[in-house]
Each structure stands twice: as C-alpha cells, then as structure tokens.
Amino acid sequence: MENRLRSTYAGFGTEIALKSKLTSYLCGDEEHPPDHFVQFYEDDEFLLDLVSNFISAGFARGDTCIIVSTKAHREGLDKRWRAANLDLAAFSERGEYIWLDTDETLAQFMVDGLPNQERFIEVVGGRIALASRRRRRVRVFGEMVTLLWMRGNRTAAIRLEEFWNTLYDDLRSFSLMCAYPMRIFAGETYGAEFLQICQRHSHVFPDENYTNLTSQEERLRIIAQLQQKASSLEVEIAERRAVEERLRISENRYRRLFEESRDGILMVDPDTYIILDANPSIRELLGRTREQLLGRKLWQIKLFQDHAIDRDALRELQEKHYICYESLSFLSGDGRHRDVELLLTLYPVDARHILQCNVRDITERRQLEARKDEFIGLASHELKTPVTSLKGFTSLLKRRLTSQGNEKELYFLVRMEAQITRLTRLINDLLDLSRVQTGQLVYQEESFEMDTLLQEVIEDVQGTTQTHHLSLEGRTQAVIVGDRDRIGQVLINLLNNAIKYSPEADSIWVRVSTNAQDVLVSVQDFGIGIAREHQQKIFERFYQVADLETKTYPGLGMGLYISYQIIKRHGGQLWAESEKGEGTTFHFTLPLVRKQESKASK
Ligand code: ADP
C-alpha cells in the first residue's frame with residue numbers, strides 16, 4: 001500500500017511543499033508535527049483511497065485513528081481495508097480505531113444551527129485528548145464541516161473549522177484531514193467563503209485533476225490552463241454583470257413607459273387571466289385603484305364583461321398572438337361614455353407568456369371623425385345642386401349645338417360633359433360614403449332579373465371605353481330582391497376599376513352562375529393585380545394600394561368600400577382573388593330568391 005501511495009505522490013518534487021506534507025502524512029515515513037489540512041476532490045473513490053491510505057499509515061505508525069464520516073463513506077473505507085486484510089476489529093478493540101457518525105456527533109454540540117465551542121471541546125476535544133493520552137499521536141479524518149457546508153449552513157462550517165484550529169492549538173497532538181468535494185463551490189458567490197475555508201487550514205491540497213499529475217511539466221501546464229480559465233471567467237463575469245446592468249436599465253425604461261403611457265395597460269397571466277399589473281392610465285379610465293384590479297380576473301372588468309370578451313373569445317389569441325378590437329364603447333370610471341380601442345398582445349417573457357392589454361381612449365378621435373363625416377355629407381349635398389343644374393344646361397346646349405351642326409363647339413361641350421359626369425360620380429360617392437357612415441343609405445326593394453341588369457350595365461360601360469372589350473359569360477335567369485340601382489352601382493364600380501387597373505390589357509370578363517342559394521357574379525381583368533396583403537384592406541374606407549413600383553391611378557378609395565357595404569346589406573359577400581401582376585377577379589354573391597321559369601318550359 002505504501003508503494004501505491006508513494007507512486008501516487010511520487011510526482012511531488014522535493015521543491016514542492018505537497019510532497020513533504022501529504023506524502024509523509026500518508027506514508028508515515030517521517031516525523032511530522034500534527035497539522036490541519038484540507039483535500040479537495042471531484043470523485044468519492046479518489047477521496048476514499050486517500051483517507052484509507054492516511055488512516056492505514058496511521059495504524060502502521062501506531063497512531064490512534066478517529067474517523068467522523070457518513071455511513072456511506074465508512075462502508076467505502078471498510079471495503080478497502082477488508083481488501084487489504086487489515087484487522088479493523090483488533091484496532092478497534094485496542095482503542096486504536098474509533099469511528100463516529102457525522103450527524104450523531106454534530107447533534108452533540110450544535111445549538112440553534114451553530115456549533116457551540118464548549119460542547120465541541122467537550123465532545124470532540126475530550127475524545128482526542130483521551131486518545132492522545134494513551135497514544136503519542138492521533139489522526140483524524142472529519143466530515144462534519146463538509147456536511148454543514150453541503151446543507152447550506154456555511155457560517156457553521158467556517159466556525160467549526162475555527163474551533164478545530166483552536167483545539168489544535170490547545171492539544172497539538174493530532175493531524176486533522178478535512179475534505180470537500182470541489183463541485184460544492186461552483187458559483188461565483190462562494191469565492192470569498194472558499195478563500196476562508198482555505199485560510200482556516202495550514203495546508204491545502206487541490207483535487208485529483210491536479211494531485212494525480214505525475215510530472216512537474218504537466219502540473220505547470222495545468223496551472224497555466226487554470227490561470228487562463230480563471231481570467232476568462234473573470235472577463236465573463238464582468239461581461240455578465242454589464243449585461244445585467246444594461247437589462248436593469250432597459251427594465252427601468254420599460255417601467256417608465258408603462259407608468260407614463262397614455263394608453264391604459266393591464267398585464268395579465270394568460271393561463272389564469274389574472275391581472276398582474278395595471279398602469280395609472282387604466283386605473284383612471286376604469287375608476288379603480290391598483291389594489292382593486294390586481295389579482296382579479298380579466299372578465300371581472302366591466303369593459304370585458306360588456307363586450308363578452310372572455311376565455312372563448314380569446315381562444316384565437318393562442319394562435320395569432322394579437323387581437324385588435326377597433327371600437328368598443330363603455331361607461332368609464334367617471335361615468336362618461338367612452339370609445340376605446342383594445343389591443344391584446346401575447347408575448348414571451350423568459351420561459352412563459354404574458355398577455356398585455358392596451359386600452360386606448362379614442363373618444364375624441366371618433367367625435368372628430370363623426371364631425372368630418374357630417375361635413376363631407378353636407379359639402380357633397382351642397383355641391384350636388386350646382387352640378388346638377390350645370391349638367392342640365394350642358395345637355396340643353398348640346399342639343400342646340402347638335403341641331404345647329406356646330407361640330408367645333410360640340411367637341412368641347414362633349415368633353416365638358418364627360419368631366420361633369422366624373423364630378424357627379426365623385427359627389428355621389430362622397431354622399432354615399434357619408435350616408436353609409438351615418439346609416440342613412442336608403443335601399444329600394446324590388447325584384448329584378450340579374451341577367452338583364454348585367455347586360456344593361458355591360459353595354460353602358462362598354463360605351464365609355466374604346467380600349468377594352470367587355471364579355472359576358474353565362475345566363476342564370478336568377479331573380480334577386482334588392483336595390484337594382486345599387487347593385488348596378490357595384491357592377492359599374494367593379495367594371496370601371498377593371499378598366500382602370502388593366503391599362504395594358506384589352507379584355508374583361510363578367511361571369512354569372514348560381515347554386516342552390518346564391519347567384520355568383522365575377523369580374524375578371526388581366527391588369528396589375530393586388531398583392532395578398534392588400535386584398536382585405538381594399539374594402540376599407542379610402543384605402544388605396546400604394547405601390548412605389550407601379551404608377552398612381554386617379555381615385556379616392558371609396559368605391560370598393562361603398563360596394564362592400566351595399567353587398568353586405570343585401571346579405572351577400574364581396575371579395576377579391578388576385579396575384580400581383582396577374583390580374584384580379586372580384587366576386588360577389590347575392591341570395592337567390594328564385595329562378596325564372598325558362599321560356600322553353602312555358
Ligand atoms: P379607387 O377610387 O382608388 O379606385 P376603390 O375603392 O374602387 O378606389 O379601390 C380601392 C383600391 O383597390 C384601388 O385604389 C386600387 O389600389 C385597388 N383596386 C381596386 N380594383 C382593382 C383592380 N381591378 N385591380 C387592381 N387593383 C384594384
């Protein structure tokens with residue numbers, strides 16, 4: 001065994017303190033004053049080999065050996081000694097080997113979570129003093145400090161190390177070996193305490209990664225490597241601290257934005273829908289204090305209750321992560337009617353999600369919009385009268401000039417008439433728009449044949465263009481109940497758009513068909529097309545596709561909005577199918593009342 005030990009530590013050159021201490025402690029080949037040393041280790045097997053050697057060497061020198069260890073470590077040591085045919089029972093009987101359980105021994109001198117010095121001296125010191133009276137030297141392997149440290153009671157561990165030192169100063173008759181697994185010091189926070197542990201020992205032995213090395217070159221290399229690791233860790237720690245500091249400053253900024261935002265903001269746990277935070281604006285809007293909001297479920301807020309925004313309504317949030325309610329009215333905290341826009345956003349924070357509800361007061365904006373709509377309505381109404389009389393006088397003049405055969409003047413008059421027609425259309429659109437907005441668009445109700453309407457409108461629009469040929473495909477004999485002029489208006493708008501947005505093409509197709517419930521009308525052009533992201537938005541008021549690549553077209557973005565409202569009002573649907581650059585097909589459906597009986601079957 002001694003050979004094995006010698007070979008393990010043979011690499012400690014004479015110039016290195018390790019050899020003179022540890023090898024001789026373990027092998028017992030030199031007289032040495034008793035000492036208090038610590039061995040760090042990675043692997044239990046390494047530690048047990050070492051302790052077994054330390055104690056065996058003690059037996060060989062005739063020392064008394066005391067082990068204060070866990071039961072598991074005791075079994076590991078027993079196994080080794082049995083393999084080496086060491087008669088432990090005999091040593092034990094002679095009082096040369098004493099094993100004490102760590103927990104039981106600690107229990108005898110720990111008071112309120114800290115070691116009591118008097119009791120320690122009594123319990124541990126007493127035993128050592130007794131052993132050293134009978135024998136000259138005592139070897140102790142103790143794990144009590146390690147256990148305290150591992151259980152998180154680091155103050156107690158450091159204090160106990162001090163008591164051991166005091167005891168050593170008093171008795172000077174024992175060698176004490178402590179051992180700590182290196183992994184328990186992993187973490188920046190232990191740096192100072194690790195130093196304290198080292199300072200409490202007269203000798204410190206690094207773990208097996210270093211101790212097992214046999215050549216001095218290797219050891220120097222590993223020291224250099226460790227130094228490099230240490231300095232890169234220091235840099236890493238400094239960087240991490242800087243990042244943490246930056247995060248704290250972004251956190252602070254975010255907090256200020258949250259606190260000072262004019263939008264009301266609620267932070268909600270998306271799993272339980274419990275309100276986690278509420279900024280001052282939302283507290284004011286809802287007329288509630290922070291305490292009245294925090295910890296409540298979202299549904300308990302009146303705004304959400306009034307509009308039935310509940311768990312079911314928010315199911316789509318899990319997929320889309322974003323829902324916008326454009327205009328919700330509710331009675332605010334001060335008892336006034338308010339219009340709000342509600343934005344719900346689900347976003348990840350660390351490993352979980354947070355639901356942010358932004359409530360924006362748009363009451364004033366809505367009032368302004370209403371005033372603007374009212375103004376548009378009034379202005380277009382006022383414009384309509386002079387334009388109508390202008391149109392009347394123009395057609396009177398046209399008749400006169402025609403009968404006089406005055407071709408030259410007639411040429412200018414026809415152009416003037418075309419502009420007046422354009423102006424009339426614009427004014428009508430403006431009027432319709434404001435009527436739709438205020439819910440005053442009047443619809444006539446009559447039954448009419450779809451085929452005839454299509455033919456008439458196509459003929460009329462064909463008359464206005466020399467560049468495009470309009471073709472109709474299909475006959476349905478469908479009868480529709482609704483406002484014939486308004487449906488005609490939708491068709492005119494779709495056909496005019498088809499002409500306007502296909503300057504390079506020369507044909508437009510109108511197709512009509514029916515199924516059991518609906519009549520379907522489609523207007524297809526071969527023009528500039530509409531990119532996917534605009535296909536829904538073109539039905540909004542004033543929306544025009546702004547595309548830097550394509551030229552601009554005259555218009556105000558009202559036609560499709562009005563058409564959409566008209567079709568919707570008739571219980572149908574209007575939508576577009578298109579690819580950019582590939583032309584567009586607008587489809588609309590209208591509920592079918594019945595099909596006319598065909599002439600053949602009469
Ligand atoms: P506008 O007076 O601008 O034509 P509309 O409401 O009729 O207003 O149409 C809205 C927008 O939709 C247009 O500005 C245009 O960008 C797009 N659009 C409408 N019809 C077509 C079409 N057939 N092809 C390509 N784009 C179209």
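Results, tabulated for the structure shown:
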{"read-out": "Count - residues of segment 328-353 that are farther than 15 Å from Gln305 by Cα, in contact with a helix residue (DSSP H, G or I) (Cβ under 9 Å, 6 or more places away or on another chain) and of a type in the set (Ser, Thr, Tyr)", "value": "1"}
{"read-out": "Hits in segment 126-145 (condition: assigned to a helix (DSSP H, G or I) and surrounded by fewer than 22 Cβ atoms within 10 Å (Cβ to Cβ))", "value": "Gly126, Arg127, Ala129, Leu130, Ser132, Arg133, Arg134"}
{"read-out": "Odd one out for Arg159 among (1) open to solvent by 10 Å² or more (accessible area, probe 1.4 Å); (2) part of a strand (DSSP E or B)", "value": "(2)"}
{"read-out": "Selection within segment 166-201 - closer than 20 Å to Arg127 by Cβ and open to solvent by 40 Å² or more (accessible area, probe 1.4 Å)", "value": "Thr166, Asp169, Asp170, Leu171, Arg172"}
{"read-out": "Hits in segment 524-541 (condition: near the ligand (Cβ under 7 Å from one of its atoms) and either closer than 28 Å to Gln419 by Cβ or surrounded by fewer than 13 Cβ atoms within 10 Å (Cβ to Cβ) (or both))", "value": "Asp525, Gly527, Ile528, Ile538"}
{"read-out": "One residue from Gln489, Gln544, Gln565 being surrounded by fewer than 17 Cβ atoms within 10 Å (Cβ to Cβ) and either near the ligand (Cβ under 9 Å from one of its atoms) or not in a strand (DSSP E or B) (or both)", "value": "Gln544"}
{"read-out": "Candidates Ile362, Ile354, Ile420 - the one that is free of Cβ contacts under 8 Å to residues at least 40 places away in the same chain, surrounded by 12 or more Cβ atoms within 10 Å (Cβ to Cβ) and within 30 Å of Ile274 (Cβ to Cβ)", "value": "Ile362"}
{"read-out": "Selected residue (only one of Leu247, Leu233, Leu220, Leu195 is free of Cβ contacts under 8 Å to residues at least 24 places away in the same chain, assigned to a helix (DSSP H, G or I) and under 16 Å from Phe40 (Cβ atoms))", "value": "Leu195"}
{"read-out": "Total residues in segment 568-594, condition in contact (Cβ under 8 Å) with a residue 60 or more places away in the chain, within 11 Å of the ligand (Cβ to nearest atom), open to solvent by 20 Å² or more (accessible area, probe 1.4 Å) and not in a strand (DSSP E or B)", "value": "0"}
{"read-out": "Residue within segment 338-349 that is among the charged types (D, E, K, R), in contact (Cβ under 8 Å) with a residue 12 or more places away in the chain and open to solvent by 60 Å² or more (accessible area, probe 1.4 Å) present", "value": "no"}
{"read-out": "Unmet criterion (only one of (1) away from the ligand (no atom under 15 Å from the Cβ); (2) more than 30 Å from Leu390 (Cβ to Cβ); (3) open to solvent by 10 Å² or more (accessible area, probe 1.4 Å); (4) not basic (Lys, Arg)) for Met450", "value": "(3)"}
{"read-out": "Any hit, segment 511-523, residues being assigned to a loop (DSSP other than H, G, I, E, B), on the phi < 0 side of the Ramachandran plot, among the acidic types (Asp, Glu) and more than 9 Å from the ligand (Cβ to nearest atom)", "value": "no"}
{"read-out": "Some residue of segment 460-479 being open to solvent by 20 Å² or more (accessible area, probe 1.4 Å), touching a residue at least 40 places away in the same chain (Cβ under 8 Å) and away from the ligand (no atom under 12 Å from the Cβ)", "value": "yes"}
{"read-out": "Residue within segment 221-244 that is more than 30 Å from Arg296 (Cα to Cα) and under 21 Å from the mean Cα position of the chain (by Cα) present", "value": "yes"}
{"read-out": "Tabulated pairs, segment 294-313, first open to solvent by less than 70 Å² (accessible area, probe 1.4 Å), second of a type in the set (S, T, N, Q) and in a helix (DSSP H, G or I), C-beta under 8 angstrom, 6+ apart or interchain", "value": "Trp299/Gln305"}
{"read-out": "Breaking point among (1) open to solvent by 40 Å² or more (accessible area, probe 1.4 Å); (2) in a loop (DSSP other than H, G, I, E, B); (3) modelled with pLDDT under 85, for Asp271", "value": "(3)"}
{"read-out": "Matching residues in segment 93-117 - criterion: being without any contact (Cβ under 8 Å) to a residue 24 or more places away in the chain, outside any loop (DSSP other than H, G, I, E, B) and surrounded by 12 or more Cβ atoms within 10 Å (Cβ to Cβ)", "value": "Gln108, Phe109"}
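The values are calculated or read from the model by the stated rules, or taken from the named source; none is laboratory data. The shown structure was predicted, so the numbers you read here are calculated from the model rather than taken from an experiment. Please note: Cβ atoms are built from the backbone with ideal geometry, for glycine as well, and neighbour counts cover all protein chains shown. The area values use the complete protein model at the heavy-atom level, side chains included, leaving out ligands, DNA and RNA. Shrake-Rupley method; radii C 1.70, N 1.55, O 1.52, S 1.80 Å.
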